[in-house]
Every structure is written in C-alpha cells, then in structure tokens.
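Engineer: Below is the structure I would like to discuss, written out as structure tokens.
The values are calculated or read from the model by the stated rules, or taken from the named source; none is laboratory data. Computed from a prediction, not measured in an experiment: that's the story for all the values here. FYI the Cβ positions are ideal-geometry reconstructions off the backbone, even for glycines, and counts take in every protein chain you see. For accessibility, only protein heavy atoms count, side chains too; no ligands or nucleic acids. Shrake-Rupley method; radii C 1.70, N 1.55, O 1.52, S 1.80 Å.
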Amino acid sequence: MVMPVMFSSHVFSEDSDYNMKVGVTEVSQSIFELHMLIFWICVGIGVIVFSIMFWSLFKYRKSKGAVAADFDDNLWLEIGWTVAATVVLIWMAVPATQVMVEAYDDAEGEINILITGHQWKWHYEYLEDEVGFFSNLATSQEQINGEVPKGEFYLREVDEPLVIPTNTRIRFLITGNDVIHSWWVPDFAVKQDAIPGFINTAWTNVPEPGIFRGACTELCGIKHAFMPVVVRAVEREEFDAYIAEKVTLAEAERLLTSKNWTKEELMERGESFYATNCSACHQAGGQGIPPVFPALDGSQIALSDSARHIQILMEGVQGSAMAAFGESYSEVDIASVITYTRQAWSNGKNGDGVIVTPKDIVDYKNRIDL
Amino acid sequence: MSTVVETHDHGHHGPAKGLSRWLFTTNHKDIGTLYLWFSFIMLFIGGSMAMVIRAELFQPGLQIVQPEFFNQMTTNHGLIMVFGVIMPAFVGLANWMLPMQIGAPDMALPRLNNLSFWLLPMAFGILISTLFMPEGGPNFGWTFYAPLSTTYAPSTVNFFIFSVHIMGVSSILGSINIITTIFNMRAPGMTLMKMPLFVWSWLITAYLLIAVMPVLAGVVTMMLMDINFGTSFFNAAGGGDPVLFQHVFWFFGHPEVYIMILPAFGIVSHIIETFSRKPIFGYSSMVYAMASIAILSFVVWAHHMFTVGMPLAGELFFMYSTMLIAIPTGVKVFNWVATMFRGSISFETPMLFSIAFVALFTIGGFSGIMLAIVPADFQYHDTYFVVAHFHYVLVPGALFGIIAGAYYWLPKWTGNMYDETLGKLHFWLTFISVNVTFFPMHFVGLAGMPRRYPDYALQFADFNALISVGAFVFGLTQLLFLFIVIKAIKSGKKAKPEVWEGAGDLGLEWTLSSPPPYHSFTVQPQLK
Ligand code: HEM
Ligand SMILES: [Cu+2]
Ligand SMILES: [Cu+2]
C-alpha cells in the first residue's frame, strides 16, 4: 500500500507525463490545482486509515498470541468520524464550487465557432465569417496497420487543424450530426458532448500560441479512436490573415461550380475526396464491409441510377450510417465523388458512364427548393 | 447468537438423480450452486473478451482485431461481467446462505426460484449468439447510449433488448423471493436488528433491484419502439432527446453499481469479524450506512453526465449529492478497521481477500470522490481514469467479496476444507496482478487516453503494455481458483460444523453440519 502511494507522489508531480495536464488557460490551471488538492486530501485520509489498519493487522496477530478485546460499539466514535468526514468533504466542496463557477460561463465570445461532430471527423465553422471546413485524421492507414513506422504524432494529427487567436475570448458551440461525440482539448480543460439536436457551449481564452491536441471522448462507432482534435493558437494578426484567406478560398470555390469540368478533373478531385470521406465505410477498393456498409463497386445505383446516386449523397439514407453529405460539402465535391465512384474500379466498364457535374447538383438543389 | 438444533437425516427428501435434479430443482442449495457455476462460467467468457481487448491494446496500432470487433468485445465484456457474473454470483450466495443464516428450511418461493435461474442461460445464450450473426453483436458500449444504439446500431440490437428484458425479469423475480424469504421465514427471536449483515445487505439490494430493473426495462423498450415502430424518444430529428436516454439509463445505472457492491459489504463484514475473533464494530451504523447509501443512490445519477451540458445548478447538485454518498461509505470502512483493531487476527484466504477488499475498495472510493468534483471530472470523464475507478470498486471490490465468500463458505457447502496453501497462492497472484492491471490505468487516464479506444497515441504505449501483462496474469490465475474449487468439492480435510474457530457463535449457518442437510432447518432454531 505504501508503494503505490510513494509511486504516485512521484508520478503526480506537476511536470509529469502521467498526471493531469496543467494546460495553458486560467481555467485549466485552476482545475489542475483543484485536482491536486483533492488528490492530496485523499492521500492524507488513506495514510491515516491504512496505517491504523495495517498496524492493527500487525499488532493483533493471533499467531503472536493476541487476545480479542470485548467491545463492539462506540457512539461517540461513530459520530466523531461521521462529522470528520463531513468537514473534509466541505473542505473539498468549497474550492470545487469556485472553480466550477469560473469554468461554466456562457457569455458570448468575441469569436464564435460552431463545432459539429460527424462520424468520424470534426467540422468547424467560424460563425462571424461564415467559413467552415472539415478536420480529418491525417495518420495513414499504413501506419495504423503497422506497415510503415508510426510518426511522432500518431493518431494525434489532422489534415487541417482548428485555428484560433490568442488572448481572445472564444466561444465554442458544440453539436453532433449523427451520434453523440465529445470534443476534448486537455490543455484548455474543455470537454463537451456533441449531441444531435442540442447546442452545448464552452469557452476558452488561450494566452500563448501553440498546437494543442485532444480527442473524441464519447464512443461514436468504429472510428471513435480516429477523429482527433488539433487546435492551433496563433497571434491575432496571423489569425485575421488566416480568416481572410479562408474567405477568399471559399469565394473561389463558389466560382468553381460554374466552370466546365472535364471527366479527368472530376475524377482526380473525387478520388481524394473519396479517400478522406467515404473509404472509412465503403473501403478504398469500393468493396465495403457487407452487410454493414454496402459495396459501391458493382452497386446498381453506381452503375445505372445516377438520379438516385445524387439523391443519396444529398439526403443520406434515413435511419442508417449514410449521412447527407450535400449539407456540408460544395457542389463540386459532391459531383466529383459521384463521378469518381461511377467510373472507378469495375464500375467504369460495367456502368452507364454518366458523368455528374457540379451543375447537376445545383439543378438538384434548385428543384428541391421549389 | 447461539442456538440448539438437531439435524435429522431426511433421506427420502434427498435430491433427484441426473440432469432432472438440476433442471427441475426447487432446492435453494441446488439453485445456489447453479447460479454460482453459471457466474463462474460467465467469468471465463467475459474474461476471454477482456483478454482480446488487452491483447489488442498491448501495442499501439491495429494488430489482432478490427475496431468493429473490438467494440463488440468491450460491450459484451461489460454486459457479461455486470449482469452475468457479479449479479448472479451474489444471487447464488444469497440462495445458499440466506435460508441458512435466518434459520429457514428453504427459500419462500422455490418454484419461482427455479424460474429466475433458468431465465439467465436463455438471456445470455441470446446475447452471445449475436456475436456469431453476420452483422455482429452489440457494439455500442455496456451503457448503450442512443442514438448509437438505436438509429446507428446493427439490427442484432433487437436480440440485445430481448435479452436485457429477460435478465430484468430474472432479477425482479429473484428479489421478490429474497424479500419474501427474509420477511417471513426468520427464526423466532431474530428481529430485524439481529439479522446477519449479509441478510441486511441483500434485503436492501433486493429493494434497489425492484426499484430500478423496471427502469432499465423501460429504457430498452423505448429503444425498441424507436428502432422498429417509428417513435422518436431518443431521435433528435423526430423531436426526441438523446440526453433523455442517459438520464433514464443512469437512474437505473447508479443504483445498479450499488447493487453490485452492497452484498459484498455484507460478506466481508462476516469474514472480518470471524477472523478478528471479535464481533463487527458498529453493527447498527453498518445497517444505517447501507440504507443511506441505497437511498442516496437514487439522487446522484447525473454524475455520469457532467459533460452533457447541464445547467450550473444541476452540476452542483449532483456534485454535492455524490460527495454525500462518500460519508456512509467511509463509515463502513472505519467500522471494518475498528473491528480489526484489538482483535485476534489470523490470515486464512477469505480474510486475505477481505483485507484486500477494504484497502483496494477504499482506493476506488478515493477516485470516486475525485470524479465527483465536477470541474476536475471535465478532465477525467471518459478516460482510463474512470476505467480505473470502476475496476477498483468492481474487481477488488465486488469480485473479491465474492471470492472471499466462496472460500469462507466452501467448507460449509462441500464438507471439505479447500487447500489453504493454494488458496494463499491464488490470493497473492490475484492481488499483485489486479494492481498491476488497474493501478496504471489511473496514470494513463490522467495523461489523456480516452476509454473504448482500440488504438492509441505512442505516449501511452509503456503503461498499456504493462497493463496487458497484468491482465493476462490475472486471467490465468483464475484458472487456479477453478482448480481449487473443484479440488475442494472432490476431496480435502473434513470440515467441522463451525468450520472456523469461534464461528459457531457468529451465525446460524455454522450450527448446521458441513455439508448441511438438503433442507437446511427443518426445525426452526430458537435465538437465545
Ligand atoms: C465513494 C463512492 C463513489 C463515488 C463518489 C463514485 C463516483 C463516481 C463518478 C462521479 C463516476 C462518473 C465518472 C465519469 O464518468 O466521469 C463514477 C463512475 C462509475 N462508478 Fe463510481 N463512485 C463511487 C463508488 C462506486 C461503487 C461502489 C461502484 C460499484 C461497485 C462504482 C461503480 C462505478 C462505475 C461502473 C462507473 C462507470 C460507469 C461507466 O461510465 O461505464 N462506483 N463513479
Ligand atoms: Cu468518438
Ligand atoms: Cu454512479
């Protein structure tokens, strides 16, 4: 018993890799201090209780001739330790309440970011500037399968991190698109469930630039372990430039829709879109994981029913894991991935060869709007 | 407590022969034995699943199983351990010991008793069969949060729901039987406040079960409706509320965790008084503590949901009520220590397991208090820190209580002493491996590893390897336990009626022969 206690006091030091993250925000630091306070109170109680217990076990061994005393109750002792326990708990509850009030404050932020959990990636949207993007795991399947060595940030890296400015009050509005996820960044001490139909709030104010890594902490299906959170905090000027660029890019993206696309261009774009957004379920070779995830290679819809194909991508399939991608991605992306899945694998030679262009998607949307 | 009893030989009332003895038995000892073997078998099935989990987590990367199967393993491991191991083992112990401890010939409702048992193999047969279906078994965690368990579940979820219903019926029938037995069949002179603590612990547990199993049945029925009949209890798109699921589930779930520990409190209380040769300290405060734990357990459920976005007042309420529950829990620990204080202590295997229970359960209590502190829970929630907490209260807690009880009463049941040397070896291997397995989980959790992950970042690799080694040793060691039990059934030094020195004064069960007659007390004993 002494061993774990000694060992823990070593591991529980502030700079240890095996203790709670101290973090970078005021809230995360108060939470760390609270955690250590409660921890040491528990250690204190443990030392007292366990020493009395082990001393009794040692001292009153029958093998050393101990004779049992004749007592089995003591009202004052019972009252005494009940009161003592209550006092200790109040000692814990007071600072806990203070930190709680500090952490739980849903005043508006200077910058509001809508975070949406999807199976299995995060979507971030800057509400003031109306730009958003998906953030996917960047670690390759080869690393996961052990075919190539694992990198330093194995499972903790994404293709595009969330960028936030330092020294700014930021409010996160957190929701879920399909199942419940949970958005956690230990360095900010922010963990909030992303629940479909609800918008939860959390806030942070990061004093220094840096890259902060977190995770999804609510079981959300097969790839629950593969949707990390990465946040990059930058100085305010850099952030403003970043947003300006995002806005311009989004504008350019909108223009792309009216451009005339060749099959090759669509295929190229569709292939990479497919790899990041579809292969988790339908697999890289389009073979799927039947019966849970149907194969797209050889699927009747992909071979000969382009109207239904568009509809599935735009609306999803109610009551299944197939999400409505049309809500969150551009016309170009949707058109290119449809075209890709109609031309890739054996579908190209067996199918009807229909090419779906961004304009078809725009038409589809206009028809729905009527 | 001391009694005068005569036990005659009722040869014509002996058990039937062959398989029908077990299928049709209405005898509390036979049914107790069935429950205990069932739970033992499930321990190895659920344990093998844990071995699959630990083998996959031995190293970062996916080596042995794919995430889809991994999730089925974590889900079924949890369901089997909770509903198939801990609960049936306690019911088995209750069946064996309650009539003997209160001086009754059998349970009050023997046929119902047979039914409650035989429902269990059906329920678990159904649950386990889903693993072999094309879509695979339940994969949404033992807490089966909607909508992952409804809209997004494999269609085998319907079998899961059916199986949970059957388990619930079994538990409710079992509890009715236990309450009826305790209230109607006590020996003359055994007032409520003279009942053995194991009887008290089960009386309270049975009430908890009757109160919350219908809630569990309700929540799975709502799932069934959502999945098959187009309702939207938990479906946000239809105006439902996924958080409602969690409220209902944990209103069942938190009392459930106390259902899994109260009977163990009863067992270790008996063992500690026996081997300290001193009656339990503070009997009445032990009873009041269990009763207050049971009542409080209905108002703390949302401490499992601190991150769902409750209002501040809600978070604070559930933090305070949860901290309050630590008081009666602490009182119990103090009472056990005070019982050992100035006793005359010997260290037979049941006592070793009970001492370890007190020490390690207390560690689980400490992590419980840490988790109750809401702001800190924002960092702990859904990490391995929580996994460490509940394994400390459930493995060296509930399971050690059961193992200790098995060693304590095995000579009474079989008439043979178990092999004490092997028992001690079993204890030390178990004690060491349980700590090697679960203690490092605290650190891995604090360092930031979320639970229910089939793969993890490189910084967690060292501790995970260590944890897996501990887990394999723990798993293998339980085969030794199986061997010891079988050995004691087959042979061993003959046990006296009181088995343990001085136990004759501690309870009625020790006044019966070892093994006891088929119908425990045919003549009611008189308590002096
Ligand atoms: C001092 C007494 C206790 C306190 C204060 C306490 C507190 C807590 C809290 C706050 C949580 C939620 C943590 C989270 O998810 O973030 C939790 C989880 C849990 N506790 Fe306890 N607990 C106590 C004793 C027990 C006992 C006696 C048992 C069972 C024998 C138990 C079993 C569990 C289980 C199974 C979970 C996790 C459920 C899950 O999410 O899968 N606890 N406990
Ligand atoms: Cu997740
Ligand atoms: Cu609880």
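Engineer: Are any residues in region A:187-206 among the hydroxyl-bearing types (S, T, Y) and surrounded by fewer than 21 Cβ atoms within 10 Å (Cβ to Cβ), and if so, which ones?
Structural biologist: A:T201
Engineer: Out of A:A241, A:A250, report the one residue that is free of Cβ contacts under 8 Å to residues at least 12 places away in the same chain and surrounded by fewer than 22 Cβ atoms within 10 Å (Cβ to Cβ). Don't jump to the end; show me each part of the working.
Structural biologist: Values: A:A250 fails: free of Cβ contacts under 8 Å to residues at least 12 places away in the same chain.
Sole residue among the options that is free of Cβ contacts under 8 Å to residues at least 12 places away in the same chain and surrounded by fewer than 22 Cβ atoms within 10 Å (Cβ to Cβ): A:A241.
Engineer: Anything in region A:190-203 that is within 12 Å of chain B (Cβ to nearest Cβ) and either among the small types (G, A, S) or part of a strand (DSSP E or B) (or both)? List them, or say none.
Structural biologist: The initial filter retains those residues of region A:190-203 that are within 12 Å of chain B (Cβ to nearest Cβ), namely A:190-202.
The answer is A:V190, A:K191, A:Q192, A:D193, A:A194, A:P196, A:G197, A:N200, A:T201, A:A202.
Engineer: Counting only residues that are surrounded by fewer than 23 Cβ atoms within 10 Å (Cβ to Cβ), more than 7 Å from chain A (Cβ to nearest Cβ) and assigned to a loop (DSSP other than H, G, I, E, B), how many does region B:439-464 have?
Structural biologist: Selection size over region B:439-464: 1.
Engineer: Just for region A:31-62: of the residues that are surrounded by fewer than 17 Cβ atoms within 10 Å (Cβ to Cβ) and facing chain B (nearest Cβ under 7 Å), which one is nearest to B:Y380 (Cα to Cα)?
Structural biologist: A:I52
Engineer: Going by the structure shown, is A:L89 open to solvent by 50 Å² or more (accessible area, probe 1.4 Å), more than 30 Å from B:Q63 (Cβ to Cβ) and within 11 Å of another protein chain (Cβ to nearest Cβ)? I'd like the intermediate steps shown before the answer.
Structural biologist: Numbers: open to solvent by 50 Å² or more (accessible area, probe 1.4 Å): no; more than 30 Å from B:Q63 (Cβ to Cβ): yes; within 11 Å of another protein chain (Cβ to nearest Cβ): yes.
The answer is no for A:L89.
Engineer: Out of curiosity, is B:T307 touching a strand residue (DSSP E or B) at 6+ places or on another chain (Cβ under 8 Å) and within 16 Å of ligand 3 (Cβ to nearest atom)?
Structural biologist: Values: touching a strand residue (DSSP E or B) at 6+ places or on another chain (Cβ under 8 Å): yes; within 16 Å of ligand 3 (Cβ to nearest atom): yes.
Answer is yes for this residue.
Engineer: Pick from region B:290-331 the residues that are closer than 15 Å to B:V243 by Cβ and open to solvent by less than 10 Å² (accessible area, probe 1.4 Å): which of them is nearest to ligand 2 (Cβ to nearest atom)?
Structural biologist: Selected residue: B:T307.
Engineer: Related question: When you go through (1) in contact (Cβ under 8 Å) with a residue 24 or more places away in the chain; (2) within 10 Å of chain B (Cβ to nearest Cβ) one by one for A:V131, which number turns out not to apply?
Structural biologist: Failed condition: (2).
Engineer: Say whether the condition of being more than 27 Å from B:V157 (Cβ to Cβ) and not in a helix (DSSP H, G or I) is met by at least one residue in region B:199-220. Working first, answer last.
Structural biologist: Going residue by residue through region B:199-220, those that are more than 27 Å from B:V157 (Cβ to Cβ) are B:199-207.
Now restrict to residues that are not in a helix (DSSP H, G or I): none.
No; the residues of region B:199-220 include none that is more than 27 Å from B:V157 (Cβ to Cβ) and not in a helix (DSSP H, G or I).
Engineer: Quick one: A:R232 ticks every box in (1) open to solvent by 30 Å² or more (accessible area, probe 1.4 Å); (2) within 11 Å of chain B (Cβ to nearest Cβ) bar one, so which box is it?
Structural biologist: Unmet for A:R232, out of (1) open to solvent by 30 Å² or more (accessible area, probe 1.4 Å); (2) within 11 Å of chain B (Cβ to nearest Cβ): (2).
Engineer: Using the structure shown, decide if B:L458 is touching a helix residue (DSSP H, G or I) at 6+ places or on another chain (Cβ under 8 Å) and farther than 30 Å from B:A313 by Cα.
Structural biologist: Numbers: touching a helix residue (DSSP H, G or I) at 6+ places or on another chain (Cβ under 8 Å): no; farther than 30 Å from B:A313 by Cα: yes.
So B:L458 fails the test.
Engineer: In region B:85-132, how many residues are modelled with pLDDT under 95 and of a type in the set (G, A, S)?
Structural biologist: Of the residues in that region, 3 qualify.
Engineer: Looking at A:P207, A:P196, which is the one that is over 14 Å from the mean Cα position of the chain (by Cα), closer than 30 Å to A:F293 by Cβ and more than 16 Å from ligand 1 (Cβ to nearest atom)?
Structural biologist: Details: A:P207 fails: closer than 30 Å to A:F293 by Cβ.
Of A:P207, A:P196, the one residue that is over 14 Å from the mean Cα position of the chain (by Cα), closer than 30 Å to A:F293 by Cβ and more than 16 Å from ligand 1 (Cβ to nearest atom) is A:P196.
Engineer: Next question. Looking at A:D305, is it charged (D, E, K, R) and touching a residue at least 12 places away in the same chain (Cβ under 8 Å)? Quick ask: steps written out before the conclusion?
Structural biologist: Details: charged (D, E, K, R): yes; touching a residue at least 12 places away in the same chain (Cβ under 8 Å): no.
Considered against the rule, which asks whether it is charged (D, E, K, R) and touching a residue at least 12 places away in the same chain (Cβ under 8 Å), A:D305 comes out as no.
Engineer: Would you please list the contacts, defined by Cβ atoms under 7 Å and residues six or more apart or on different chains, that run from a residue in region A:347-362 that is assigned by TED's automatic domain parsing to the domain that holds A:D305 to a residue that is among the basic types (K, R)?
Structural biologist: A:G351/A:R342; A:V354/A:R342; A:I355/A:K263
Engineer: If I go through region A:104-115 residue by residue, how many of them are open to solvent by 20 Å² or more (accessible area, probe 1.4 Å) and either within 16 Å of ligand 3 (Cβ to nearest atom) or at pLDDT 90 or above (or both)?
Structural biologist: Initially, region A:104-115 is screened for residues open to solvent by 20 Å² or more (accessible area, probe 1.4 Å), giving A:104-108, A:110, A:114.
Next, only the ones that are either within 16 Å of ligand 3 (Cβ to nearest atom) or at pLDDT 90 or above (or both) stay: A:114.
Residues that pass the stated criteria total 1.
Engineer: I would also like to ask the following. Under 6 Å between Cβ atoms, at least 6 apart or on separate chains: pull out the pairs that start in region A:56-69 with a residue that is under 13 Å from B:S346 (Cβ atoms) and end on any residue that is at pLDDT below 90.
Structural biologist: Partner pairs satisfying both residue conditions: A:Y60/A:A66.
Engineer: Name the residues in region A:136-152 that are at the interface with chain B (Cβ under 10 Å from one of its Cβ atoms) and either farther than 16 Å from B:V65 by Cα or in a loop (DSSP other than H, G, I, E, B) (or both), would you? Walk me through how you get there before you give the answer.
Structural biologist: At the first step, the residues of region A:136-152 found to be at the interface with chain B (Cβ under 10 Å from one of its Cβ atoms) are A:139, A:141, A:143-147, A:150-152.
If the condition is that a residue be at the interface with chain B (Cβ under 10 Å from one of its Cβ atoms) and either farther than 16 Å from B:V65 by Cα or in a loop (DSSP other than H, G, I, E, B) (or both), then A:T139, A:N145, A:G146, A:E147, A:K150, A:G151, A:E152 are the ones that fit.
Engineer: Residues of region B:285-324 being among the β-branched types (V, I, T) and under 30 Å from A:I174 (Cβ atoms), which ones?
Structural biologist: Start the filter on region B:285-324 by keeping residues that are among the β-branched types (V, I, T), which leaves B:287, B:293, B:295, B:299-300, B:307-308, B:322.
B:V299, B:V300, B:T307, B:V308, B:T322, listed by residue number.
Engineer: Say we look at region A:207-224 and pick out the residues that are out of contact with any helix residue (DSSP H, G or I) (no Cβ under 7 Å at 6 or more places or on another chain) and crowded, with 23+ Cβ neighbours inside 10 Å; which of these is nearest to A:E110 (Cα to Cα)?
Structural biologist: So in region A:207-224, the residues out of contact with any helix residue (DSSP H, G or I) (no Cβ under 7 Å at 6 or more places or on another chain) come out as A:207-211, A:213, A:215, A:217-221, A:224.
Next, only the ones that are crowded, with 23+ Cβ neighbours inside 10 Å stay: A:215, A:217-220, A:224.
Details: A:A215: 25, A:T217: 27, A:E218: 28, A:L219: 31, A:C220: 31, A:H224: 31 Å.
The selected residue is A:A215.
Engineer: Would you check which residues across region B:93-147 are more than 14 Å from chain A (Cβ to nearest Cβ) and assigned to a loop (DSSP other than H, G, I, E, B) and list them?
Structural biologist: B:G103, B:A104, B:P105, B:D106, B:M107, B:A108, B:L109
Engineer: Now for a separate question. Can you find a residue that is in a helix (DSSP H, G or I) and surrounded by fewer than 23 Cβ atoms within 10 Å (Cβ to Cβ) anywhere in region B:260-282? It would help to see each step written out before you state the result.
Structural biologist: Going through region B:260-282, the residues in a helix (DSSP H, G or I) turn out to be B:262-276.
With the extra rule that they be surrounded by fewer than 23 Cβ atoms within 10 Å (Cβ to Cβ), the set shrinks to none.
Within region B:260-282 (the criterion being in a helix (DSSP H, G or I) and surrounded by fewer than 23 Cβ atoms within 10 Å (Cβ to Cβ)), the answer is no, since none of the residues qualifies.
Engineer: Looking at region B:270-294 only, could you name the residues that are within 15 Å of ligand 1 (Cβ to nearest atom) and closer than 17 Å to B:L192 by Cβ?
Structural biologist: From region B:270-294, those within 15 Å of ligand 1 (Cβ to nearest atom) are B:289-290, B:292-294; that's our starting set.
Selection gives B:A289, B:M290, B:S292, B:A294.
Engineer: Also, I was wondering about something else. In region B:359-385, how many are more than 7 Å from chain A (Cβ to nearest Cβ) and closer than 17 Å to B:G401 by Cα?
Structural biologist: So the count comes out to 5.
Engineer: Quick check on A:L162: is it modelled with pLDDT of 95 or more, touching a Leu at 6+ places or on another chain (Cβ under 8 Å) and within 17 Å of A:G117 (Cβ to Cβ)?
Structural biologist: Working: modelled with pLDDT of 95 or more: yes; touching a Leu at 6+ places or on another chain (Cβ under 8 Å): no; within 17 Å of A:G117 (Cβ to Cβ): yes.
Considered against the rule, which asks whether it is modelled with pLDDT of 95 or more, touching a Leu at 6+ places or on another chain (Cβ under 8 Å) and within 17 Å of A:G117 (Cβ to Cβ), A:L162 comes out as no.
Engineer: To continue, here is another question. Would you mind stating whether B:Q72 is open to solvent by 50 Å² or more (accessible area, probe 1.4 Å) and either within 12 Å of chain A (Cβ to nearest Cβ) or touching a strand residue (DSSP E or B) at 6+ places or on another chain (Cβ under 9 Å) (or both)?
Structural biologist: Working: open to solvent by 50 Å² or more (accessible area, probe 1.4 Å): no; either within 12 Å of chain A (Cβ to nearest Cβ) or touching a strand residue (DSSP E or B) at 6+ places or on another chain (Cβ under 9 Å) (or both): yes.
Answer is no for this residue.
Engineer: Is it true that some residue in region A:156-169 is under 29 Å from B:L244 (Cβ atoms) and either among the polar types (S, T, N, Q) or not assigned by TED's automatic domain parsing to the domain that holds A:S320 (or both)?
Structural biologist: Of the residues in region A:156-169, the ones under 29 Å from B:L244 (Cβ atoms) are none.
No, region A:156-169 contains no residue that is under 29 Å from B:L244 (Cβ atoms) and either among the polar types (S, T, N, Q) or not assigned by TED's automatic domain parsing to the domain that holds A:S320 (or both).
Engineer: Which residue out of A:D178, A:D187 is outside any strand (DSSP E or B) and closer than 15 Å to A:V229 by Cβ?
Structural biologist: Just a single option satisfies the conditions, and that option is A:D187.
Engineer: So, in region B:234-264, of the ones that are in contact (Cβ under 8 Å) with a residue 60 or more places away in the chain, within 19 Å of B:L148 (Cβ to Cβ) and in contact with a helix residue (DSSP H, G or I) (Cβ under 8 Å, 6 or more places away or on another chain), which residue ends up farthest from the other protein chains (Cβ to nearest Cβ)? Show your work before the answer.
Structural biologist: Taking region B:234-264 first, the residues in contact (Cβ under 8 Å) with a residue 60 or more places away in the chain are B:234-236, B:242-243, B:245-246, B:249, B:253, B:256-257, B:259-264.
Of the ones still in play, those that are also within 19 Å of B:L148 (Cβ to Cβ) are B:234-236, B:242-243, B:245-246, B:249, B:253.
Add one more test, that the residue is in contact with a helix residue (DSSP H, G or I) (Cβ under 8 Å, 6 or more places away or on another chain), and what stays is B:234-236, B:242, B:245-246, B:249, B:253.
Details: B:F234: 10, B:N235: 8, B:A236: 3, B:P242: 5, B:F245: 9, B:Q246: 9, B:F249: 13, B:G253: 15 Å.
Per the stated criteria, the residue is B:G253.
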